[in-house]
Amino acid sequence: MLSTLDSLNVFLVEDSPEDVLFFKRTLKHLREKHPEINFEFQHSNCLKDALVKVANTSFDIIFLDLSLPDSQKFLGLEKLKEQLEDHFPIVVLTGDENDSLALEALNRGAQDYLKKSEMNAYNLSRSLMYSLERSKAAKELEELRVHQAKTLKMATLGEMSGSIAHEINNPLAIILGYTDILLADIEEGVDSDRLKNSVEKIEETTVRISKIIKSLKSYSRRSEQDPMSQIAFPEILEDTLNLCIERFKTSKIELKIQHIEPAHLLCRDIQISQVLLNLLNNAHDAVKKNDKAWVSIDSSIVDDKLKVLIQDSGSIKDESVRRKLFSPFFTTKPKGEGTGLGMSISKSIIENHGGSLMLLDNSKNTCFEISIPIVAVSNEKSA
Amino acid sequence: MKEPKVLIVDDENLLLELLTESFTKHEIQNEKANCFSVALEKLRESSYDLVLSDIRIKDKAGIDILGFLEKIETESLMASKNIVLMSGYSDLDFQEVEKMGVAEIIAKPFMPRKIVPKLIKYLRHND
């Protein structure tokens, strides 16, 4: 498998000269076994120097000693990971015969570990190959998740297409009706006040449709690469409600809009809208068959963060459901109805905005809390 | 012979106004209701020759279209069975609705100028 590579840039962070020498010697064996691969090798003996090298060089794999003069345990791993892309292959080297430290490193994002006492050409090549493969698989999974996030967005739209059609056809019926009256009135030569009334109704109703289309258009376009922009929370909520209010109406679920904070967020508004829509749709589906069903939206500001509570008249009693709620591919919906990705994607969107999304434990009803940093707005209108 | 009378049911007030106006223009007596519950009250009070109703309506008592049609059937509220439904879109199985004795389902949007004369024919046909 290693032979599929033509070059490999290896970086070792290790302070013990003997261990560096031993590593180099092992690498030399590997070179002899794989003459087709152009191995490059660099080395640092402390974290500080390693961080500089990582910033300036593009390595393929890093071997990191967990005990360095300026870094103990997982500090080095954490600092390096901050500078590298997600899932970059880092293999930790441990002199410890105890596996627990190494296992903890895997939990913290290392791809593999190698005991110095077991270092030989075979183990090194196995670890190289394994880490590179694992890293590749993780990246592919990430790409798959991004792709599925897009699919999910479209599936949500699909589920709502019925209500959207209804929502657009109703105002269209009003417009057609008034143009009808206008035509008849013009033929009959009616006074201009009546004509004006019809035209005003047509105008008002057209604006209503265009609002729906606008929400739809912004929701369905690609938003992952949008720059963050400052936008008022009530605007985001209004755009979201435009898309789902009809669904609640049809299912006779009371939608209680409580206090809405006029707070500003620095965000990708379409993504925030996507999260709100997902939570509202989930709440809708959870209570749609119940009597006197309701869903409420409330908000407040606590410590420079906007807290949005989305609550419904149902409750989640099953502890295992509560635990797995945010796991990818977990769904309680019938087969074919839910992708099981909505909650995990929502969580990662909010976390990418420096916030958190959780299910509140101390609430009688199902209640999700979004917490997201707000930005101060001066009195002058800001961009 | 008494004058035919139409009951229009929709939760879009503007649309109710429009349809009322169209029927009035054709000198057809009509009443409006903005939900199924109000429509049922009216049907119990007086007899109508045609009910024109939207399929999806937010009802104050939570009745849906199937409940509405069932009440009309069990309480024998419509002698003529002239029930025409309007729909912008529906998840409902139209066959299920038609089984409930509905004369026709018309799609929104429509032009009152074209639809209303067609509906009036139902009334004449029934005379």
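The values are calculated or read from the model by the stated rules, or taken from the named source; none is laboratory data. What you see is a predicted model, and the numbers here were worked out from it, not measured in a lab. Note that we place each Cβ from the backbone using ideal geometry, even for glycine, and neighbour counts take in every protein chain shown.
Figures for the structure shown
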item: Given (1) touching a residue at least 24 places away in the same chain (Cβ under 8 Å); (2) assigned to a helix (DSSP H, G or I); (3) surrounded by 20 or more Cβ atoms within 10 Å (Cβ to Cβ); (4) of a type in the set (A, V, I, L, M, F, W, C), number of the condition A:ILE181 does not satisfy; result: (1)
item: Flag for B:LYS5 being surrounded by 16 or more Cβ atoms within 10 Å (Cβ to Cβ), basic (Lys, Arg) and free of Cβ contacts under 8 Å to residues at least 60 places away in the same chain; result: yes
item: Helices (runs of 4 or more DSSP H) completely within the stretch A:262-379 that count 1 or more residues being among the acidic types (Asp, Glu) and under 24 Å from A:LEU152 (Cβ atoms); result: A:269-287, A:342-352
item: A:PHE23 being in the same structural domain as A:ASN9 (by TED's automatic domain parsing), within 32 Å of the chain's Cα centre (by Cα) and surrounded by 15 or more Cβ atoms within 10 Å (Cβ to Cβ); result: no
item: Those residues of the stretch A:101-115 which are over 17 Å from A:LYS136 (Cβ atoms) and either of a type in the set (Gly, Ala, Ser) or touching a Cys at 6+ places or on another chain (Cβ under 8 Å) (or both), in sequence order; result: A:ALA102, A:ALA105
item: Strands (runs of 3 or more DSSP E) wholly inside the stretch A:1-86 that include at least 3 residues being without any contact (Cβ under 8 Å) to a residue 60 or more places away in the chain and touching a Lys or Arg at 6+ places or on another chain (Cβ under 7 Å); result: A:38-44
